[in-house]
Amino acid sequence: MANPLKLEEVKRILDLACSLRDDVDPVEEELEHDELCLRLRDRLIAAAQITGDSLTEDQAAAAVDQYLDHMHEFREPGGVSATIARGYVWLMTLGKTSQ
Amino acid sequence: MDTAGSFIYTRLLVAENDFRTQCEDAADMQRTLKEGIEQLTLKRAETLLALAQELLPEAIADDTQLQLGEVLTELMQAKARCEEDRKDLLQQRETAIAEIENLKQRFADSSREHAEFVADQQRKQQEATRILQNNPQFVQQSAATLKTQKTLHNNELRVEELHRQAEAQLPAYRNSRLFQYLIMRRYGSSDYEASFLTRRMDSWIARLIDFPKAIRSFNFLRTVPVRMREEVKKRKRDFDKSLAELRKLEDQVGNQSGLRLAAQKVSASERRRLEVAEVLAAAETRLNEIEAQLEAIESPQGKHFAKATAAFSEWLASLKVSVLEDLADETESAVDDRLVAEIQLCDEQVQQAREDIRKCEERARDRREKMMGMQWVLGQFRAKHYDADNSVFDASLDIDTLIQRFDDGKSIKESLWAGIEGRQREKQSWSSGAMGKVGAVASHPTSQALLFAVANIAGQAAAAAIGQRMMGKK
């Protein structure tokens with residue numbers, strides 16, 4: 001069982017993923033999903049070595065899987081800002097409807 | 001050391017035969033006991049009549065004896081009719097048994113013939129494999145096909161996974177007011193138009209929900225799985241084309257080595273074998289029906305006996321046995337006491353015989369059920385080709401213990417079959433039995449040569465994977 005993914009590790013993966021995804025057709029990329037996972041894992045291990053962290057292959061693989069599984073997830077933020085934003089959206093939608 | 005399928009088959013046949021013999025023995029015993037009861041009943045009636053004449057000569061009119069005569073005649077007629085029907089059924093039974101024996105022989109012959117064709121096919125298969133392995137084009141193409149097959153399988157899995165992911169994650173985007181608002185405003189596109197203040201507010205919301213990433217993911221989830229599915233379909237079509245090319249090559253080699261003809265012979269002999277197995281199963285069912293009819297006709301509830309025995313019982317009741325017994329007690333004559341003792345003895349013997357008949361009936365029913373269960377197992381065995389030459393069973397299969405457990409009622413036919421099937425192993429050969437799964441997939445008879453050659457080139461496991469995949473595709 002791999003350790004829970006640390007925030008720093010996620011950020012690293014995000015950066016790596018973005019760098020790998022540039023100019024690549026997502027369909028092609030998804031059809032070579034296993035290769036993508038392997039490349040991300042290797043990059044993550046390399047990045048961890050540079051920063052002096054120790055990361056096993058299993059931990060890196062688990063971190064990659066977790067990241068890729070949740071990469072496209074969306075969750076509306078909470079808090080005061082979001083409430084104000086929803087109020088604004090409501091007003092704008094109302095205005096548009098009443099026009 | 002493996003156990004040959006033919007050995008297991010023989011053990012099952014012997015067990016089925018044993019059950020049949022036991023069933024027949026129980027039925028014979030029943031018949032003997034019933035005949036004994038008939039004799040005892042007649043004796044009892046005669047003794048009863050003698051007792052009545054001894055004690056109540058005036059009460060026993062001639063018509064009572066006349067009545068007894070009529071009743072007995074009716075009983076005898078019923079027995080004669082029953083015997084007639086029994087003879088007819090016994091004849092049918094003999095015919096059915098002879099037919100079954102004949103069919104079993106035919107089945108054994110067709111199995112032998114099938115095994116010969118399979119052996120011939122294997123030889124041709126090896127020849128075809130040798131030719132294919134020496135063909136560089138085939139070696140290259142088959143290796144590529146294997147690789148593509150595996151990739152396609154992974155692609156299909158990924159498409160399904162992504163579809164599931166999209167189904168799970170898209171509702172969050174669709175239910176988000178903030179995200180939907182920005183979409184509605186066409187925020188981020190060239191069509192987006194808004195006043196300065198609105199622009200500022202919209203930008204603020206976009207930052208709040210990380211709109212650039214969200215819209216990218218939204219579009220990804222909406223479009224990519226669908227596009228992937230189309231791409232995989234296209235790749236599959238390409239794969240089918242390359243497979244067709246391989247098959248052409250395989251056809252050529254199949255004709256060259258005579259494999260095609262050999263495979264057709266195997267296929268035809270297999271069909272014949274299965275046809276005989278079906279006819280055999282039907283004949284066994286017919287025999288079971290005849291035996292059930294035989295049992296029914298001899299039972300007290302049988303159509304001929306029911307009426308006659310009812311009349312006989314009525315007549316006995318009219319003699320008022322208890323009254324006669326009481327009178328016999330009162331008199332000093334030893335004759336009537338002896339007659340009463342004889343009647344009582346008859347009653348006891350009849351009672352005992354009835355109890356024995358009940359046990360025999362139970363035994364016969366149990367043996368018949370076991371026999372039919374064994375016939376079912378044998379049918380499964382034949383249908384699965386487990387009696388073929390290439391069929392072997394794990395050494396851990398203790399067939400005698402399994403049969404004994406079934407015999408003792410500790411297991412049912414399904415568990416007996418599961419115990420046998422679970423230990424079945426096939427020799428590595430290319431008979432239709434061994435390659436049943438792949439053979440069912442491959443559309444023409446020489447397809448196994450291709451798979452065999454592929455297996456030799458790229459490893460057995462990979463070929464098994466191809467077989468499984470092709471089956472899934474179909």
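Descriptive notes on the structure:
- Selection status of B:Phe179, open to solvent by less than 60 Å² (accessible area, probe 1.4 Å), aromatic (Phe, Trp, Tyr) and farther than 24 Å from A:Leu94 by Cα: no
- Scanning region A:72-91 for residues that are facing another protein chain (nearest Cβ under 7 Å) and either over 13 Å from B:Asp210 (Cα atoms) or assigned to a helix (DSSP H, G or I) (or both) returns A:Ser81, A:Ala82, A:Ala85, A:Arg86, A:Tyr88, A:Val89.
- Checked against (1) assigned to a helix (DSSP H, G or I); (2) more than 11 Å from chain B (Cβ to nearest Cβ); (3) open to solvent by less than 70 Å² (accessible area, probe 1.4 Å), A:Leu55 meets all criteria but (1).
- Set side by side, the residues B:Gln105, B:Gln165, B:Gln140, B:Gln133 differ, and just one is out of contact with any Lys or Arg (no Cβ under 9 Å at 6 or more places or on another chain) and closer than 30 Å to B:Arg20 by Cα, which is B:Gln105.
- Qualifying positions in region B:403-418 - crowded, with 16+ Cβ neighbours inside 10 Å and either closer than 26 Å to B:Val276 by Cβ or touching a residue at least 60 places away in the same chain (Cβ under 8 Å) (or both): B:Ile403, B:Phe406, B:Asp407, B:Lys413, B:Leu416, B:Trp417
- In the set (1) open to solvent by 30 Å² or more (accessible area, probe 1.4 Å); (2) of a type in the set (Gly, Ala, Ser); (3) closer than 30 Å to B:Glu291 by Cα, B:Gly188 fails one condition alone, (3).
- If you go through region B:364-392 and keep only what is open to solvent by 40 Å² or more (accessible area, probe 1.4 Å) and farther than 23 Å from B:Ala4 by Cα, you end up with B:Arg365, B:Asp366, B:Glu369, B:Met372.
- Of everything listed in (1) small (Gly, Ala, Ser); (2) within 14 Å of chain A (Cβ to nearest Cβ); (3) surrounded by fewer than 16 Cβ atoms within 10 Å (Cβ to Cβ), the single unmet condition for B:Ala206 is (3).
- Among the criteria (1) among the hydrophobic types (A, V, I, L, M, F, W, C); (2) more than 9 Å from chain A (Cβ to nearest Cβ); (3) touching a residue at least 24 places away in the same chain (Cβ under 8 Å), the one B:Ala244 does not fulfil is (3).
- Test: B:Glu275 is of a type outside the set (A, V, I, L, M, F, W, C) and buried (at least 19 other Cβ atoms within 10 Å of the Cβ): no
- Qualifying residue in region B:256-269 (condition: farther than 28 Å from B:Lys147 by Cα, of a type in the set (D, E, K, R) and in a helix (DSSP H, G or I)): yes
The values are calculated or read from the model by the stated rules, or taken from the named source; none is laboratory data. The model shown is predicted, which means the values in this text are computed figures rather than measured ones. As a convention, Cβ positions derive from the backbone with ideal geometry for all residues, glycine included, and neighbour counts pool all protein chains shown. Calculation scope for accessible area: heavy atoms of the full protein, side chains included, ligands and nucleic acids excluded. Shrake-Rupley method; radii C 1.70, N 1.55, O 1.52, S 1.80 Å.
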